[in-house]
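> First the structure, then my questions, so here it is.
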Amino acid sequence: MAQQVQGVVAVGKGEPVRIETITVPDPGPGEAVVDIQACGVCHTDLHYREGGINDDFPFLLGHEAAGVVESVGAGVTDVAPGDFVILNWRAVCGQCRACLRGRPWYCFNTHNATRKMTLAGKGTELTPALGIGAFAEKTLVAAGQCTKVDPAASPAAAGLLGCGVMAGIGAAINTGNVGRGDTVAVIGCGGVGNAAIAGARLAGAAKIIAVDIDDRKLATATGLGATHTVNSRESDPVEAIRDLTSGFGADVVIEAVGRPETYRQAFYARDLAGTVVLVGVPTPEMQLELPLIDVFGRGGALKSSWYGDCLPSRDFPMLIDLYLQGRLDLDAFVTETIPLQDVEKAFGRMHQGDVLRSVVVF
Ligand code: APR
Ligand code: ZN
Ligand code: ZN
């Protein structure tokens, strides 16, 4: 039977979000209803509210979430009621060209929740943010968006793997292919950049250089495994990274801001055979200008990383196991836990750079 729950809804461009009663229908074939236990506040949620993604208002926000499967529809076999799961916004199809060629992180036909939840009483369809919509006590998703992990994990920490933290760890491990003994530099140490630092440490990097303009972020970076920190307001990060790598530059430089000037720093701070990974998300207007001769004069690779090139079914359970063994400090990313009513306030704190992540707990 359809249920009514509270959820955080963005009703119009730039308007503060509202708590609304929403109707969550029973799961249809291939779907699941998940009882949400925690959901992180991400820049993308704010971006939806600002109309920066599309105009399909009203949005049911929230997408970095963990919870317990309440019910499943016909044909669902991978998850069952009672399973503790992390939600993902890119359930791969397994059948398209990308999937068949062994690169499912480029899947063309990802399965995500569609517009089935509605505003109670009005029947207005809600667009679930990133096909999830988890700032709600319950949400309806495609069953493939649920990945079962060890229920011993804290929901607040686990949920963060559903987006930003996975993006950062994956940028280092999956996209950057950081290996044992590598030197790694991370430019921008918010939730995503700091996760890249944690990922580089997991992968056995020998030297990890954290770059940010905010000393608070650099302090967190040290806790997560950075061996050196550079405040790029005080010194030139390219020179600093070269100095720390015997003049060569880093084997892997991860850009986690999403701006042309920081990308340019990453480009010049890498070893001649090094890799640049862009995981920060630029706006459509941003342009990059580089002397082509400098592109020609350097080998290595320029890559972008989308959701950390993750495969949820492979990466989520593995990272949760590492977390439970004390080898990956996911709790360090949870700056504060908040009630559902405080999402709007959390947007403000995020804007001020005060938090790595605010996490709504239910
Ligand atoms: N040089 C170095 N660091 C910078 C600079 C700069 N010029 N400008 C901003 N920063 C730092 C900020 O101080 C902050 O610590 O970059 C970090 C950005 O972090 P957050 O705002 O917390 O964002 P985060 O969630 O980490 O996401 C980073 O990745 O997924 C994308 O859309 C996301 O583009 C965003 C990026
Ligand atoms: Zn596919
Ligand atoms: Zn996100």
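> Once the piece of chain linking residue 4 and residue 349 is laid out straight, how much longer is it, given 0.36 nm per residue of separation minus the C-alpha distance between them?
121.2 nm
> Subtract the Cα-Cα distance of residue 101 and residue 80 from 0.36 nm times their separation in residues, and report this length gain in nm to one decimal.
Between residue 101 and residue 80, full extension yields an extra 4.6 nm.
> Hey, quick one: spin label on residue 294, modelled 7 Å out along Cα-Cβ, who in region 218-240 has an amide N within reach, i.e. under 15 Å?
The answer is 236-240, whose backbone nitrogens lie closer than 15 Å to the label point.
> How large is ³J(HN,Hα), in whole Hz, for each residue of region 102-118 in order, when computed from phi with the Karplus curve 6.51 cos²θ - 1.76 cosθ + 1.60 and θ = phi - 60°, using x for Gly and Pro?
Using θ = phi - 60°, the values come out as x, 10, x, 5, 9, 3, 8, 10, 4, 9, 10, 4, 9, 7, 10, 7, 9 Hz.
> Testing the spin-label approximation: label points 7 Å from Cα along Cα→Cβ at residue 13 and residue 109. State their distance in nm.
Result: 3.5 nm between the two label points.
> Another question about this same structure. Between residue 287 and residue 306, what is the spin-label point distance in nm, taking each point 7 Å from the Cα along the Cα→C-beta axis?
Between residue 287 and residue 306, the simple spin-label model gives 2.4 nm.
> Right, next: In region 235-277, what percent of the accessible surface is made up of carbon and sulfur (1.4 Å probe, ligands and nucleic acids excluded)?
Its accessible area is 51 percent carbon and sulfur atoms.
> Post the alpha-carbon centroid distance, region 109-130 to region 191-228, in whole angstrom.
37
> Let me ask something additional. Between rounded, prolate and oblate, where does the chain land on the alpha carbon gyration tensor, with a ≥ b ≥ c its root eigenvalues, rounded for a/c under 1.5, else prolate if a/b exceeds b/c?
It comes out prolate by the Cα gyration axes.
> Ignoring ligands, DNA and RNA, what percent of the 1.4 Å accessible area of region 104-229 is carbon and sulfur?
Carbon with sulfur: 52 percent of the solvent-accessible area.
> Calculate, for the chain, the solvent-accessible area per residue in square angstrom, rolling a 1.4 angstrom probe over the heavy atoms of the protein chains.
Result: 42 Å² of accessible area for each residue.
> Report P(r) for region 294-353: all Cα-Cα distances, bin width 5 Å, range 0 to the bin holding the largest distance, values in whole percent.
P(r) for region 294-353, in whole percents per bin: 4, 12, 12, 13, 13, 19, 12, 8, 5, 2, 1.
> Can you tell me the length gained on complete extension of the stretch residue 222 to residue 324, counting 0.36 nm per residue apart and subtracting the Cα distance?
Fully extending the segment from residue 222 to residue 324 adds 34.6 nm.
> Would you pull out the residues with amide H under 5 Å of residue 109's amide H, same chain only if 5 or more places away, H placed 1.01 Å from N?
Placed amide hydrogens put 93 under 5 Å from residue 109.
> Just to be sure I understand the model, the point goes 7 Å from the Cα along the line to the Cβ. What's the resulting residue 26 to residue 236 distance in nm?
Result: 6.8 nm between the two label points.
> Quick one: go through region 193-209 and flag any residue whose amide nitrogen is under 14 Å from the point 7 Å out along the Cα-to-Cβ line of residue 246.
206-207
> Which angle between 0 and 90 degrees, to the nearest 10, do you get for helix 191-202 versus the longest principal axis of the chain when only C-alpha atoms count?
Long axis of 191-202 versus the principal axis of the chain: about 70 degrees.
> Separate question: Could you go through region 347-361 in sequence order and give the Karplus-derived ³J(HN,Hα) for each residue, using 6.51 cos²θ - 1.76 cosθ + 1.60 with θ = phi - 60°, rounded to whole Hz, and x for Gly and Pro?
4, x, 5, 5, 4, 6, x, 7, 10, 7, 8, 8, 10, 6, 10
> Calculate one ³J(HN,Hα) per residue across region 52-69 by plugging θ = phi - 60° into the Karplus curve 6.51 cos²θ - 1.76 cosθ + 1.60, and present them in order as whole Hz with x for glycine and proline.
Going residue by residue, I get x, 9, 6, 9, 7, 5, x, 9, 9, 7, x, 8, 10, 9, 9, x, 10, 5 Hz, with x marking Gly and Pro.
> Would you kindly give the portion of the calculated P(r) for region 228-362 that falls above 22 Å, as a percent of all Cα pairs?
56
> Can you give the net charge of the other residues whose Cβ lies under 10 Å from the Cβ of residue 274, counting K and R as +1 and D and E as -1?
Local net charge: -1.
> Right, another one. Counting only DSSP beta bridges with both residues in the chain, what percent are antiparallel, rounded to the nearest 5?
Roughly 55 percent of the DSSP beta bridges within the chain come out antiparallel.
> Per-residue ellipticity at 222 nm for the chain, helices alone: DSSP H runs ≥ 4 residues times -39500 (n - 2.57), over residue total, nearest 500 deg cm²/dmol?
-7000 deg cm²/dmol
> Please report how far the C-alpha centroid of region 288-325 lies from that of region 12-42, rounded to the nearest whole angstrom.
30
> Now for a different question. Angle between the Cα long axis of helix 312-324 and the longest principal axis of the chain, 0 to 90 degrees, nearest 10?
The answer is roughly 80 degrees.
The values are calculated or read from the model by the stated rules, or taken from the named source; none is laboratory data. Just so you know, these numbers come straight off a predicted model, no measurement behind them. Here the Cβ is made from the backbone with ideal geometry for all residues, glycine too, and neighbour counts use every protein chain on show. SASA here: full protein model, heavy atoms, side chains in, ligands and nucleic acids out. Shrake-Rupley method; radii C 1.70, N 1.55, O 1.52, S 1.80 Å.
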